[in-house]
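Worksheet for the structure shown next.
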Amino acid sequence: ATSSSCYPARVVPHPPDLIKWVRREGGFVHHAVKIAEADPYGLGLVVSEEIPKGSDLIALPDHLPLRFGSLESSGEDALEPVLVSLARQIPEELWAMRLGLKLLQERAMVGSFWWPYISNLPETYSVPIFFPGEDIKNLQYAPLLYQVNKRCRFLLDFEKKVKDALENLKPDDHPFRGQDVDASSLGWAMSAVSSRAFRLYGKKLSDGTHIDVPMMLPLIDMCNHSFNPNAQIVQEQDAGNPKMLVKVVAETQIKRGDPLALDYGCLNNDLFLLDYGFVIPSNPYDCIELKYDGALLDAASMAAGVSSPNFSSPAPWQQQLLLQLNLVGEAPVLKVSASFDFYFSPFN
Ligand SMILES: C[S@@+](CC[C@H](N)C(=O)[O-])C[C@H]1O[C@@H](n2cnc3c(N)ncnc32)[C@H](O)[C@@H]1O
């Protein structure tokens, strides 16, 4: 993923100017903020003059973020029943697919309000669900392979559910305007969301709290990631106006020509690769999961020519040590952070 540095094609070859669209829709974009090629990260935002710390860089009024909407709502923002029923079949951990359904619906709709945004999205994503089979195998690391396979299986199953749900619908009731939706378009939508959406405060509840809502933030999502960001997302509520304004504010002074960078979160490289299609060299949040699998270790030892390895029936003192190291027992997984020097050999 780190080596896939080519400029990503967009949904259409010459999409409309996103900055103009945001301004026309009542948003604010600092005059020095520009979209530019940010090799090797695709497109990005850069500044054309020095910007002081604390300056507003972008502000989006409440109607610009793309959200899924409430599954329970029956008001004017009510979703089509078929979309609600499909969304309910998506496991919580794959929340990106839910918002992905809305994205596909808007992509299929002629004259969609979000077309200027959607047409600027990358046409393809470098996430592992799109890797050729051989490359998936070459990931080698079991916990990551498990997640990739789970996502691929989900997409194939979900394709069938979507096709069944749409089979006998009248054209007017069809959420994707009669367009075919398959595992590949579902994967595109899920990846577009997982690599670009932010979880922000949704509407205020009656008890004053907010629920987290994933949303796609036009233009703001052109910012690439850094663990040393120079910008951050801020949500503001005007007095007397329940609607939220989502802003990007300069967290440091930004020099002319610098890219704008947001921190996507304290994620390990598995999550970066699965959701965003890139990894961070020397990621301080990276970790690996170890699991003691006696049978597998015996097989590997025999293949390596070790005589009577006996990993699957450790002596009581060895069993005790394995328990202490959390390598066997109730939760037999040991997470090891990449930032620590690690040396482990239970039988030495
Ligand atoms: C929210 S989008 C940012 C805009 C994106 N570069 C574009 O062309 O539309 C996130 C995507 O940008 C790229 N990206 C962002 N930060 C990166 C980084 N630090 N290293 C490599 N790729 C990065 C990855 O392709 C990621 O999925």
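The values are calculated or read from the model by the stated rules, or taken from the named source; none is laboratory data. What you see is a predicted model, and the numbers here were worked out from it, not measured in a lab. Heads up, the Cβs are rebuilt from the backbone with ideal geometry, glycines too, and the neighbour counts pull from every protein chain shown.
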Criterion first (surrounded by fewer than 18 Cβ atoms within 10 Å (Cβ to Cβ) and either touching a residue at least 24 places away in the same chain (Cβ under 8 Å) or under 20 Å from LEU156 (Cβ atoms) (or both)) does ARG88 satisfy it? yes
Can you name every residue in segment 135-171 that is hydrophobic (A, V, I, L, M, F, W, C), closer than 16 Å to PRO81 by Cβ and modelled with pLDDT of 90 or more? VAL162, ALA165, LEU166
I'm checking my understanding of the structure. Among residues of segment 108-130 that are away from the ligand (no atom under 16 Å from the Cβ) and under 24 Å from LYS161 (Cα atoms), which one is surrounded by the fewest Cβ atoms within 10 Å (Cβ to Cβ)? MET109
Considering each residue of segment 277-325, count those that are within 36 Å of the chain's Cα centre (by Cα) and not hydroxyl-bearing (Ser, Thr, Tyr), and give that number. 23
Here the residues within segment 201-222 that are out of contact with any Pro (no Cβ under 8 Å at 6 or more places or on another chain) and within 25 Å of TYR41 (Cβ to Cβ) are PRO214, LEU219, ILE220, ASP221, MET222
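Yes/no per residue for (1) closer than 18 Å to LEU139 by Cα; (2) in contact (Cβ under 8 Å) with a residue 40 or more places away in the chain; (3) out of contact with any strand residue (DSSP E or B) (no Cβ under 9 Å at 6 or more places or on another chain):
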residue	(1), (2), (3)
GLN235	no, no, no
VAL246	no, yes, no
THR252	no, yes, no
ASP263	no, no, no
ASN268	yes, no, no
PRO281	yes, yes, yes
ALA303	no, no, yes
PRO314	no, no, yes
Kindly indicate whether SER48 is modelled with pLDDT under 90, more than 16 Å from the ligand (Cβ to nearest atom) and more than 22 Å from GLY26 (Cβ to Cβ). no
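Can you tell me how many residues in segment 292-331 are assigned to a loop (DSSP other than H, G, I, E, B), surrounded by 14 or more Cβ atoms within 10 Å (Cβ to Cβ) and of a type in the set (A, V, I, L, M)? Break it down into steps so the answer makes sense when it comes.
From segment 292-331, those assigned to a loop (DSSP other than H, G, I, E, B) are 292-293, 304-315, 325-331; that's our starting set.
Checking which are surrounded by 14 or more Cβ atoms within 10 Å (Cβ to Cβ) leaves us with 292-293, 309-311, 314, 325-328.
Retained after the next criterion (residues that are of a type in the set (A, V, I, L, M)): 325, 327-328.
The qualifying residues number 3.
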Tally time: how many residues in segment 142-162 are of a type in the set (A, V, I, L, M, F, W, C) and in contact with a Lys or Arg (Cβ under 9 Å, 6 or more places away or on another chain)? 2
Could you please give the count of residues in segment 120-164 that are assigned to a helix (DSSP H, G or I) and either outside the structural domain of ARG88 (by TED's automatic domain parsing) or on the phi > 0 side of the Ramachandran plot (or both)? 0
